[in-house]
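Before any comments, here is the structure.
The values are calculated or read from the model by the stated rules, or taken from the named source; none is laboratory data. Source: prediction; values computed, not measured. Cβ placement follows ideal geometry from the backbone for every residue including glycine, while neighbour counts extend to all protein chains displayed. Surface areas here come from the heavy atoms of the whole protein model, side chains and all, with no ligands, DNA or RNA. Shrake-Rupley method; radii C 1.70, N 1.55, O 1.52, S 1.80 Å.
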Amino acid sequence: MWRLNKVRHKAGGHANNLEELRTKRREKERALRQARRDRQLVSKRLLLNEDEEQDTMEVTPGEQDVVTLFQNLQHGGTEKEAFLRPLSKALRNPSAQLTFIKLENSMHLLVGLLTGSDARCRLQAVRCLHELSHSTHTSVASACLPATPYLLTYLSGQSTKFTELCLYTLGNICPDSERVKERLLAQGIIPALAGCMQNHRHNLAVVEAAGFALFQLLQSKDAVQKVIPTVLASSLPSQLLSVLTPDPDFGLAPAIECAWCLHSLTSSSEDHRELLARGALRQCSSLLVSLGGAVADGNTDQGVELLVCPLLRCVGNLLSSCPADALHSQLAGVDLVVLLCELVVALIHTLPALARETAWVLNNLTAHSTESCSALLTLNLVPRLLELLPFSQGINTMVLRVLANVAHKKKEFCIQLAELGLLSALTATLKMADQDMVTLSLEVLFMLIVSSPQIAEQFVSQGGLSVLEAIQYNSDGEVRRRATYLLEQHILSEKYISMLGEYEQDRFNKFWLSFRYSAT
C-alpha cells in the first residue's frame, strides 16, 4: 500500500526512522487481523432437522428431562432411537448440556451409539453431539473429544445429512479450546477435510459444511504456524478455488465459505507463492470482475456482495506479493481496473465499508502495475476518482493514494493528472480538517511539482499559494514543515525549479522508498 514518509530536509539520519515506521505498521496490521479473527471465532452453526421450522426453537425445560432420557437410553433396548430424538432437542438448553456431560458415562454412551450398527441411532447420536457442539460453554467442546476420531472417519461416508452433521459439529468445537484444536490436528482433520471435499465435490451442501469447518480451524491463534502450512501443502487450496464459481441452482453459500477460507490463507502470511502458482489471483480476480459488475449495476440478489467482500480481500492481498513480471499473466487486461472504479463509485452511498475495501484493492493494483495506472488515464477514469475525494470514512485517503501511485510511475502521468483536474482537487483537500489527508495531499503535490515547473505555476494561479500559507499557521508541526519545504524549495524558488534533473530524480526515488503494500 502507498506509504508516507517525512520530507527529508537534510540528507541522512532517516533510515532508522523509516524502519521503525514499517515495524509499527506491521505490528498494527497483525493486531487488526487478530481482532478480526477473534470476532469470527464465536461463529457457530446449528443444522436443523428437515422436519423442523426455523422459527420452532423451543427447548425442553428442566435438567431432569435430560437425566430421565439418559436413563431410558441406558435401558432402552431396541427403542433407543425414540429416546435420542427428544434428547437432541433437550440438549439445546444450555443448562441441560452441562448436566448431560456431567452424567457418568453419558459421552461414552453417545460414542457407542455413534459407532454402532444401527444407522438410525448413529444419525440421532451425531445429532445430539451436534447440539452439544453448539454450546457456549467451552467445557462441552472438550467433553466431545472422545467422539472426534469417529466424526473424522465418517467424513469419507456417502450420506449427505450425516456428513454435514459431522462437519458442522467439528467446525463448532474447533475454536473452543486449544486442547480440542491440537487433538483434531493430531487426528488428521486437514487431510480428512481434503478427502471429504474431493469425494463430495459435486455435493455442494457438504462442500459448504467443509468450508465452514476449515474456516473455523483457520481462525486459531497459532494458525500461521500450525495450520496454514499443512493446508497449503494439501489439495485444499485447489479445491477451494474450484468451488468459487457459484452454482445457479444451489446459491452462493459454498463459494462464500470457500472464499473466506482463501481470505484467511492470504491474510495470515506474506508469502503467497503457493497460492499464486495455483492460479488463485487469476481465478479470484476473474470471478470478482463477473460478480462485481452485477453489484455495480445494483444487482444484489442472493447477497452477492457477501461473496464480493472476501474476493476483494483475497485479490488485494495476493496483489501485494505477486511479482511485477508475472502480473500480466495473472490478470486479464484492464477489466479489473475498470470494475474496481465502477464498484467504488456504486457502493459509496449504500455500502461505504465495501467501497473502501474496493479502493484498497485498486491501491494495491496501481502500486504494482504501470499498465493499470496507464489505464486509469487512457480510459478517463481519473475524473470519477476525483469526485470521491470529498467523502470521508477513509475512502478519500485511499483514493488519493491510488492517484499518488499513478503520479509516482511516470512524470508524464503527473502532467496528465494535472490536466485532468488533480491540482484543483488538491487545493480543496489541503483545506480539510483531516491531517492525514492534508499530509498525503502535500506528498502528491510534491510529486506533481517535481515533474514539471509549469505545474507549480498552475498551482499558484489556482490559489494554491494562500492554501499553503494557511497551513503554515493552522496545522501541526510536521505538516507545517512539509508546507514550508514546498514553498521555499519548489514553488517560490524559480532557480531551483529550473535546475531539476538527475539530482532531483534521485531524491524523488529515495523519497518513495517508504511506500509499500498492506494486507487486510
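With viscosity set to 1.002 mPa s at 20 °C, what whole-number translational diffusion coefficient in µm²/s follows for the range 429-499 from Stokes-Einstein and a Kirkwood radius over Cα pairs?
Here the translational diffusion coefficient equals 178 µm²/s.
Just by accessible area at a 1.4 angstrom probe, what is the order of S95, S329 from largest to smallest?
So, going from the largest accessible area down, we get S329, S95.
Given the peptides 105-118, 286-299, arrange them by the average over their residues of other C-beta atoms within 10 Å, most packed first.
286-299, 105-118
Along the Cα→Cβ direction, 7 angstrom out, place labels at Q454 and E270. What is the inter-label distance in nm?
Distance between label points: 4.1 nm.
Relative contact order (percent) for the range 316-421, with alpha-carbon contacts under 8 angstrom and 6 or more residues of separation?
Relative CO of the range 316-421 lands at 27 percent.
Shape call for the range 135-277 from the C-alpha gyration tensor, a ≥ b ≥ c root eigenvalues: rounded (a/c under 1.5), prolate (a/b greater than b/c) or oblate?
Because a/c hits 1.5 or more and a/b fails to exceed b/c, the range 135-277 counts as oblate.
With θ taken as phi - 60° and the coefficients 6.51, -1.76 and 1.60, list the Karplus ³J(HN,Hα) couplings across the range 380-388 in order, rounded to whole Hz; mark glycine and proline as x.
Working through the residues one at a time gives 6, 8, 4, x, 5, 5, 4, 5, 8 Hz.
Nearest 0.05, what FRET efficiency do K102 and R179 give at R0 = 22 Å with Cβ-Cβ as r?
E between K102 and R179, to the nearest 0.05, is 0.75.
What order do E131, E478 take when sorted by accessible area (1.4 Å probe), most exposed first?
If we order E131, E478 from most to least accessible, we get E478, E131.
At a 1.4 Å probe radius, carbon and sulfur cover how many percent of the accessible area of the range 429-499? Mind dumping the intermediate values first?
Numbers: 1570 of 3250 Å².
The computed percentage sits at 48.
Top to bottom by accessible area (1.4 Å), largest first, where do Y154, Y168, Y473 land?
On the way: Y154 55, Y168 15, Y473 185 Å².
Sorted descending by solvent-accessible area, the residues read Y473, Y154, Y168.
Multiply the residue gap between H349 and A470 by 0.36 nm, knock off their C-alpha separation, and tell me the result in nm, one decimal place.
40.4 nm
Would you please give the FRET efficiency between L306 and A428, computed as 1/(1 + (r/R0)^6) with r the Cβ-Cβ distance and R0 = 30 Å, to the nearest 0.05?
That gives a FRET efficiency of 0.30.
Using r as the Cβ-Cβ distance of S142 and H328, and R0 as 41 Å, what FRET efficiency do you calculate, to the nearest 0.05?
Efficiency, rounded to the nearest 0.05: 0.20.
What does the charge add up to near E131, with Lys and Arg as +1, Asp and Glu as -1, over the other residues with Cβ less than 9 Å from its Cβ? Present the calculation step by step, with values, prior to reporting the outcome.
Values: positive: K89, R92, R127; negative: none.
Combined, the nearby Lys, Arg, Asp and Glu give +3.
Pop out the ³J(HN,Hα) list for the range 366-375 in order, Karplus 6.51 cos²θ - 1.76 cosθ + 1.60 with θ = phi - 60°, rounded to Hz; leave Gly and Pro as x.
Result, rounded to whole Hz: 6, 5, 10, 10, 5, 4, 5, 5, 5, 5.
Among the listed pairs K89/K161; K80/K102; K89/K221; K80/K161, give every one whose C-alpha distance is greater than 23 Å.
Working: K89/K161 17 Å; K80/K102 20 Å; K89/K221 33 Å; K80/K161 20 Å.
Pairs exceeding 23 Å: K89/K221.
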